[in-house]
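Q: So that we are looking at the same thing, I have put the structure below in C-alpha cells.
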Amino acid sequence: MAGHSKWANIKHKKAKEDKRRGKLFSKLVKKITVAARNGGGDPETNNDLALAIQKAKDANMPKDNIERAIKRGTGELEGVEYEEFVYEGYAPAGVALYMEIMTDNRNRAASEVRHVLSKNGGNLGENGCVSWMFERKGQLIIDRIEQEIDEDEIMMSALEAGAEDINIEEDSVEIITEAGALKEVRTAMEEAGYKFSSGDVAMIPENILDVTDPSEAKKVLKLIDALEDHDDVQEVYANFNIPDEVMEEIEDEI
C-alpha cells in the first residue's frame, strides 16, 4: 500500500506511537521465532530470518528480545508454536485484502478476523480470490521528515542500486525491488548515505482502486486499522488509493 495511498503515511506515524510499540514488538517476535524455526537460527543462511531481524532493528527492538525470539524458534528456549497462513477477502468499496496471519490458535484467529471484517463492512473470501491482484516485491521506505531527500538524486541512486520502481510522496519515499534483491538494494543505498525506516518483502497491488467517496474511504481505513490492531494479523495489504482531497476531508475523523 505504501506509495499508493496517503494511508501509508498515517500507518508510518501510528507505528511510532509508544502505545503501539508493545503490540508491534509482539508481532515481530512471532515473525523472528517462526523464521528461525523454519530455516534455522543463522541469518547468514536464513534470508527470512535476516529480514525479520532487520525489521525488528528498524523498529528499535532491543537486541535481547531478538536473541530470545531466535532461541525460541530453534528450540533453545521453550516457546509457543505459531502457525502461519493467509486470509483473503474484501473491504468496503470492493477493496481487495490480503492478510498474513501468525497464530497459536487457528480456530480463534479465524473467528476473530471474520468478526473484525463483518463488523466493519468487509468479508472473508476463498483462497486465491484476490492474491492474483498482488505481486511479492521488496519494499523499502524512507521517512522524508527525518531525512532530507533530493528527489532526482534518490531516483538515480535507487535505479543504479537495482530498484525496479520508486514512488515519492510528501512524507515518504517508497522503493520497490525484486523480492530477492531487497537486501542488495538496501545495502547499496545505505552505503550511499540513505537511512530506511522500514524494509520488507511485501505484497504490492498490481492495479489500484480509487476510493473517492469519503464515507467509503473512512470505512476502508477503519477496517484496515482494526485488522492491523489484531495480535494474530502480521500484515494487511490492500489495493486502494484515496485521492488527496478526500484524505484531507476525512483525516481528522480517522
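The values are calculated or read from the model by the stated rules, or taken from the named source; none is laboratory data. Remember, predicted model here, so these are calculated numbers, not experimental data. As a convention, Cβ positions derive from the backbone with ideal geometry for all residues, glycine included, and neighbour counts pool all protein chains shown. Accessible surface is based on the protein model in full, side chains and every heavy atom, while ligands, DNA and RNA are left aside. Shrake-Rupley method; radii C 1.70, N 1.55, O 1.52, S 1.80 Å.
Q: Pairs to check: K30/K219; K63/K219; K27/K137; K23/K195; K183/K219; K71/K183. Give those whose C-alpha atoms are more than 31 Å from each other in this structure. Write down the numbers at each step before the final one.
A: On the way: K30/K219 29 Å; K63/K219 38 Å; K27/K137 21 Å; K23/K195 24 Å; K183/K219 36 Å; K71/K183 23 Å.
Check vs 31 Å cut-off fails for K63/K219; K183/K219.
Q: Under the rule a/c < 1.5 gives rounded, and otherwise a/b versus b/c splits prolate from oblate, where does region 132-218 land using the Cα gyration tensor?
A: Working: a/c = 2.33, a/b = 1.42, b/c = 1.63.
Verdict is oblate for region 132-218.
Q: Rolling a 1.4 Å sphere over the protein heavy atoms, what is the accessible area per residue of region 206-254, to the nearest Å²? Each step should come with its number before you reach the end.
A: Numbers: 2400 Å² over 49 residues.
Normalised by residue count, the accessible surface of region 206-254 is 49 Å².
Q: Rounded to the nearest whole Å², what accessible area per residue is found for region 141-180 with the 1.4 Å probe?
A: Numbers: 2190 Å² over 40 residues.
For region 141-180, the per-residue accessible area is 55 Å².
Q: Tell me whether the chain comes out rounded, prolate or oblate; compute the Cα gyration tensor, take square roots of the eigenvalues as a ≥ b ≥ c, and use a/c under 1.5 as the rounded threshold.
A: Note, shape of the chain comes out oblate.
Q: Which order do the peptides 150-160, 223-233 come out in when sorted by mean C-beta neighbours inside 10 angstrom, highest first? Don't jump to the answer; show the numbers that get you there.
A: Numbers: 150-160: 14.5, 223-233: 19.6.
Averaged packing, sorted descending, gives the order 223-233, 150-160.
Q: Once neighbouring chains are kept in place and the probe is 1.4 Å, which whole percent of the accessible area of the chain is contributed by carbon and sulfur? Walk me through the numbers before you get to the answer.
A: On the way: 5610 of 12780 Å².
On the chain, the fraction of accessible area on carbon and sulfur atoms equals 44 percent.
Q: On to the next question. According to the square roots a ≥ b ≥ c of the eigenvalues of the Cα gyration tensor, what is the shape class of region 53-100, taking rounded for a/c under 1.5, prolate for a/b larger than b/c otherwise, and oblate for the remainder? Could you put the intermediate results ahead of the total?
A: On the way: a/c = 5.07, a/b = 1.96, b/c = 2.59.
Note, shape of region 53-100 comes out oblate.
Q: Round to a whole angstrom and tell me the spacing of the C-alpha centers of region 76-104 and region 182-201.
A: Going from one Cα centre to the other spans 26 Å.
Q: So for the chain: antiparallel DSSP bridges make up what percent, rounded to the nearest 5?
A: Numbers: 34 of 37 bridges.
So the antiparallel bridges amount to about 90 percent of the total.
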